[in-house]
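What follows draws every value from the coordinates through simple rules; no lab data is involved. Owing to the predicted nature of the structure, the values given are computational and were not obtained by experimental measurement. Positions of Cβ are backbone-derived with ideal geometry, glycine not excepted, and every protein chain shown enters the neighbour counts.
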Protein chains: 2
Amino acid sequence: MVQDWRSLVAQKRAEVAKQLPQEWRLPTEIMSTISETANVSVLDVPAKCGILSAKEIDITENHDAVDLVEKMAKKELTSSEVTLAFCKRAAIAHQLTNCLTEMFFGQAQERAKFLDEYLEKEGKPMGPLHGMPVSLKDSFNVKGVSSTIGYVSFINKKPADFNSPLVEILLKAGAVLYVKTNIPQTLMTADSENNVFGRTLNPCNLSLTAGGSSGGEGALVGIRGSILGVGTDIAGSIRIPALCCGAYGFKPSTDRIPQGGQANPSRDGWAGIIPLAGPLAQSPRDLRLFLETVIKSKPWDFDASARAKPWDSVSTKSSLTIGLIYECPSWPVSPPVLRSIQTAAKKLESAGHKVIPIAKFPSYSEVTELAFGFFDIDNAETGHKFIVDSGEPVVKSVADMYSPPPGGRPTRTLDNFLDMTASRSEIQETWHKIFIENDLDVVIAPGAQKTAVPHDTFKLPPYTTYWNLLDYPACVIPYLRADKSIDVARAEYQEDYDASAVDGAPCSIQVVARPEHDEELIAAVEIIARGLGV
Amino acid sequence: MVQDWRSLVAQKRAEVAKQLPQEWRLPTEIMSTISETANVSVLDVPAKCGILSAKEIDITENHDAVDLVEKMAKKELTSSEVTLAFCKRAAIAHQLTNCLTEMFFGQAQERAKFLDEYLEKEGKPMGPLHGMPVSLKDSFNVKGVSSTIGYVSFINKKPADFNSPLVEILLKAGAVLYVKTNIPQTLMTADSENNVFGRTLNPCNLSLTAGGSSGGEGALVGIRGSILGVGTDIAGSIRIPALCCGAYGFKPSTDRIPQGGQANPSRDGWAGIIPLAGPLAQSPRDLRLFLETVIKSKPWDFDASARAKPWDSVSTKSSLTIGLIYECPSWPVSPPVLRSIQTAAKKLESAGHKVIPIAKFPSYSEVTELAFGFFDIDNAETGHKFIVDSGEPVVKSVADMYSPPPGGRPTRTLDNFLDMTASRSEIQETWHKIFIENDLDVVIAPGAQKTAVPHDTFKLPPYTTYWNLLDYPACVIPYLRADKSIDVARAEYQEDYDASAVDGAPCSIQVVARPEHDEELIAAVEIIARGLGV
């Protein structure tokens, strides 16, 4: 007996609803203002709604994770207090943006209590994340918690009976896990909508996309329901939600943060461009805290696919040599994006950094086409099968981006794959030369051709995908906001641009370093953020 | 006008013959004893033939590269003396075993003179290989030298107009390049025969294979015409020649030694199991000298494909935990191979190391089949095209191993490739568990199921290929020799075994470490070699 997909969804949604404590529910007068067409920011709701105490507001708004971990280690704060504050704020965030898939607040508070006792008893923290709540994209497996990843056909799967290697590492470092976060159907669009959990909204403006695929993380970190979250990225899935929601998002080099043991939205044996895990946060030093903690835990002892490259302490430079890409002529950027990168470049130059415009580079159009060839290597269309298995429909953003052409999807051959691999190597060699010949520390470039835009209109993400094809680590820094009074339409930008719709949306820049130079990248991000005054 | 392949070969051989100075030619009484059926060792010929001075014999026989580099730095020896000694010995080796493809002794001696003057003028060596002759597999590009890699169709290609990144690094480290070495047609067999340069013989016994594909390196290092050579390995191509010719051969993890910019015997865009570069030598510390020199040169600055993993100084252990594989039941080993690994295990145990037999591991038969599936991903059969382009015939070892089945070679699909990738990951996960659960430092296993055997009978190399599929670094240590008086036939060994034919052939063990644990591997090799008294 196949259960109707709607009843499966109803069952799952009822279960999730039960995870939300009654006493943290927002009043109807707030909830009635929430909709995916409401052109409003909800960033101020947590502090105003009356659910958080003054101390909880302070904990969640005025500190970063580095700060909180230090305060907990010094016993100025307990993990129980910090955890409760973030559980409550995440619950509020979820009601406003639909950012969560699983809430396990009870276990989180037990874990926090255990950690407080541990500190008391042992006289020292369990590890560098002692007591700190960390949110996880739904694909990570946590013992006893479901990993539905937005497929109705996954609803009746048993909860995970193991922890993903990264989860294991975070727990050993003393983290507290409390929520998992929403994603798009297939995990391959920038609109985090699926039929199981619905659509995640952007806390900066509910009528705009929260980005994807780690859109739940973006929204949650954007509204500080978490200040340290974990996403994954194969085409921008960490960086797009970050830049849509005003957070930092760091895409490390492949396999430096262990990626194994996740619920897989596609085919086993995936090759070519590989997804990878990385942090979203609200400060560069929290990104560093995450990266150093995980890599110093020797992830290669936990995960067969993790690279055995120890954390490398790089010496800090006072002045950087920065390559600059304003935009690619093949993919012009929207007015606020152009203004942000131009302003950043000027500011960094006047802060004493050497900024070198990169005149010639492989076109974003060519690279994006190649990357999407790599994303289309599964002739069995496994992700699509996971959809049709249950009878659920394809959501709009997936239908828009991945509907086969009228003549049907051509079969990809092994020869296609090897040709693409050869083309990829050539592009990597070209960029290697650009970095070496200009003696660049990093490149700054737009993180996307647009800011967060109305739902289901984000579409292709060339500015992030570019660096996945290259396997260059890349980090989004939130910087400036769209402003309809100055960001006037430009002829070059060929997509719809509605200055009013995106007014106030976060803007950003993207910082990129050479492959496996994650240490150099985070160091540069810290320097650049300082240079930008953010 | 297509030139007949035979005349192209005659032209190329005449050019190579000219590179061999008249005064270093061996007398007819020696040359008349040289043939691929002569069951004789020629290891003693260089010292006896009268071409080398007593000092040259001492330089080439009684020192390793570490020692020579130190003596040159202290001006106890000049690079000119050392280079001349190895040029002469390589010329002798070539006449005995046909191990070279290109000799550039004149340039080598000019370079040595330059380095001697450099040391005089600068007061310090150019780098850690200052003055040291290093031999290269034919596939490496050296400015002004041809890279024919055994294809007749490559004979009329222009000499290289650039140095491979690894060559560039070696030169910056002060190395002297003087010869390139022979390989098999296609580079995919363990018999280094091709129609351009002919067959390389084993200096330990001319009637036996020198191994392949870095067979010229194996023979040259085996007879000490070089004591530091560079090979490449996709299925055992460094380790098989080493174990056939009584040398050390170190297969690093993929892309730690830069592999880029070589003449490519196959298709661009190759994926799956990737070839890699590594050293052959006559002492563990010379392997270390090579690895440290190259990796400390930051190969990722020279080669877009090189991993950016700095050399990691690991602390030296006094006692190792060693996993042990005697043989795989699916591929029983020959009597001298079994005796060598058994003797090594006992000796290491009595030297205080913990030796843990690995009872269960993925079968060599299954892994080898999977690996050869990866080697067969090029439906265009590019390597074969390079052969037929000139009209040259396929050599016996290639025909024996790669002739298509009667019904023709089946087309490999992208789905096959992804399935193979999934299977490979599973095997990697299994081995990850074996290492972690047993807390192993390394595994010792046979390097091959046989010693060097009569020409064209080596065939499949499961014992080396196994670790290419896993991408585990692996090193062959020469240890013991086949002895017809004790290595009696065993029923389990299913291939031809002729105790007399292989009598005296070098035996070996293979030491294997976890992925990217090249530093741990070389440290373990040093300890194990000491433990074995070699």
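How are the C-alpha pair distances of region A:303-400 spread across 10 Å bins, as whole percents from the shortest bin up?
11, 22, 24, 27, 14, 3
I need the P(r) histogram for region B:235-344: all alpha carbon pairs, bin width 10 Å from 0 out to the longest distance, whole percents.
11, 32, 35, 19, 2
Treating the point 7 Å from Cα along Cα-beta-carbon as the label, what are the nm separations from residue B:359 to the other copies, to one decimal?
Copy-to-copy label distances at residue B:359, shortest first: 6.9 nm.
Just to verify a number: FRET efficiency for residue A:70 and residue B:379, C-beta to C-beta distance, R0 = 60 Å, to 0.05? Don't skip to the answer; put the middle values down first.
Working: r = 59 Å, r/R0 = 0.98.
Efficiency, from the Cβ-Cβ distance: 0.55.
Determine which lysines satisfy two conditions relative to residue B:18: a Cα distance under 17 Å, and not lying fewer than 8 residues away in the same chain.
B:88, B:180
Restricting to the protein assembly as shown, compute how many DSSP beta bridges are antiparallel as a %, nearest 5.
Here the antiparallel bridges make up roughly 70 percent for the protein assembly as shown.
Which cross-chain or sequence-distant (5 or more) residues have an amide H under 5 Å from the amide H of residue B:356, H modelled 1.01 Å from N in plane?
Amide H neighbours of residue B:356: B:322, B:323, B:324.
Could you estimate the translational diffusion coefficient of chain A from the Stokes-Einstein equation, with Rh from the Kirkwood formula over C-alpha pairs, at 10 °C and 1.306 mPa s, in whole µm²/s?
Working: Rh = 23.1 Å.
Here the translational diffusion coefficient equals 69 µm²/s.
Starting from the Cα gyration tensor of region A:488-534, multiply each eigenvalue by 5, take the square root, and state the resulting semi-axes largest first in whole Å.
31, 15, 8
Once you compute Rg and the Kirkwood Rh from C-alpha atoms, what is the Rg to Rh ratio for region B:408-534? Spell out each step's value before the answer.
On the way: Rg = 17.7 Å, Rh = 17.0 Å.
Ratio of gyration radius to Kirkwood radius for region B:408-534: 1.04.
Roughly how many whole Å is it from the C-alpha centroid of region A:1-41 to that of region A:485-534?
33
List the distances, in nm and shortest first, from the label point of residue B:319 to the matching label points in every other copy, placing each point 7 Å from Cα along the Cα-to-Cβ direction.
In ascending order, 5.7 nm.
Going Cα to Cα from residue B:450, which lysines come in below 17 Å? Please leave out same-chain ones fewer than 8 positions away.
Those lysines meeting the cut-off are B:459, B:484.
Listed highest first by mean packing, meaning other Cβ atoms within 10 Å per residue, what order do B:452-460, A:74-82, A:474-482 come in? Please report the intermediate quantities before stating the final value.
Numbers: B:452-460: 22.7, A:74-82: 18.2, A:474-482: 25.6.
Order by mean packing, descending: A:474-482, B:452-460, A:74-82.
Show me A:347-360, A:180-193 ranked by packing, highest mean number of other Cβ atoms within 10 Å first. The partial results should precede the final answer.
Working: A:347-360: 14.1, A:180-193: 30.3.
Per-residue Cβ counts within 10 Å, averaged per peptide and sorted highest first, yield A:180-193, A:347-360.
Please report how far the C-alpha centroid of region A:211-227 lies from that of region B:210-287, rounded to the nearest whole angstrom.
49
Looking at chain B only, what percent of DSSP beta bridges run antiparallel? Nearest 5 please. List each step's numbers first, then the result.
On the way: 30 of 43 bridges.
The antiparallel proportion sits near 70 percent.
Partner chain Cβ atoms within 10 Å, averaged over the residues of A:378-388 - can you pull that number for me?
Working: counts 3, 4, 2, 0, 1, 0, 0, 0, 0, 0, 0.
Going residue by residue through A:378-388 and averaging, the value is 1.
Can you compute the FRET efficiency between residue A:488 and residue A:32 using 1/(1 + (r/R0)^6), with r the Cβ-Cβ distance and R0 = 41 Å? Round to the nearest 0.05.
Details: r = 35 Å, r/R0 = 0.85.
About 0.70, to the nearest 0.05.
At 0.36 nm per residue, minus the direct Cα-Cα distance, what do residue A:264 and residue A:11 gain on full extension? Give it in nm, one decimal, please. Mind showing how you got there, number by number?
Values: separation 253, 0.36 × 253 = 91.08 nm, distance 2.26 nm.
Computed gain between residue A:264 and residue A:11 is 88.8 nm.
Anything over 23 Å Cα to Cα? Flag those among A:172/A:296; B:172/B:298; A:360/A:433; A:71/A:113; A:360/B:157; A:74/A:172, in the order listed. Walk me through the numbers before you get to the answer.
Working: A:172/A:296 12 Å; B:172/B:298 12 Å; A:360/A:433 11 Å; A:71/A:113 16 Å; A:360/B:157 31 Å; A:74/A:172 19 Å.
Exceeds cut-off: A:360/B:157.
Roughly how many whole Å is it from the C-alpha centroid of region B:356-419 to that of region A:295-369?
Cα centroid of region B:356-419 versus Cα centroid of region A:295-369: 41 Å apart.
To the nearest 500 deg cm²/dmol, what mean residue ellipticity at 222 nm is calculated for chain A from DSSP H runs of n ≥ 4 alone, each contributing -39,500 (n - 2.57), summed and divided by the residues? Numbers along the way, then the final one.
On the way: 18 runs with 201 residues, N = 534.
It comes out at -11500 deg cm²/dmol, rounded to the nearest 500.
Give the peptides B:197-203, A:54-60 in descending order of average Cβ contacts within 10 Å, highest first. The partial results should precede the final answer.
Working: B:197-203: 26.9, A:54-60: 17.1.
Top to bottom by mean Cβ count within 10 Å: B:197-203, A:54-60.
What's the average, rounded to a whole number, of partner chain beta-carbon atoms within 10 Å of each residue's beta-carbon in B:414-425?
Numbers: counts 12, 10, 1, 7, 13, 3, 2, 6, 5, 2, 2, 6.
For peptide B:414-425, the averaged partner shielding equals 6.
For residue B:430, go 7 angstrom from Cα along the Cα-to-Cβ vector, then report the distances to that same point in the other copies in nm, smallest first.
Spacings between copies for this position, smallest first, are 4.2 nm.
Scan region B:146-176 for chymotrypsin sites (Phe, Trp or Tyr not before Pro) in coil per DSSP, keeping those whose Cβ has at most 14 other Cβ atoms within 10 Å, and list them by number. Mind dumping the intermediate values first?
Numbers: sites: B:151, B:154, B:162; in loops: B:151, B:162.
Within region B:146-176, the qualifying chymotrypsin sites (Phe, Trp or Tyr not before Pro) (loop, at most 14 other Cβ atoms within 10 Å) are B:162.
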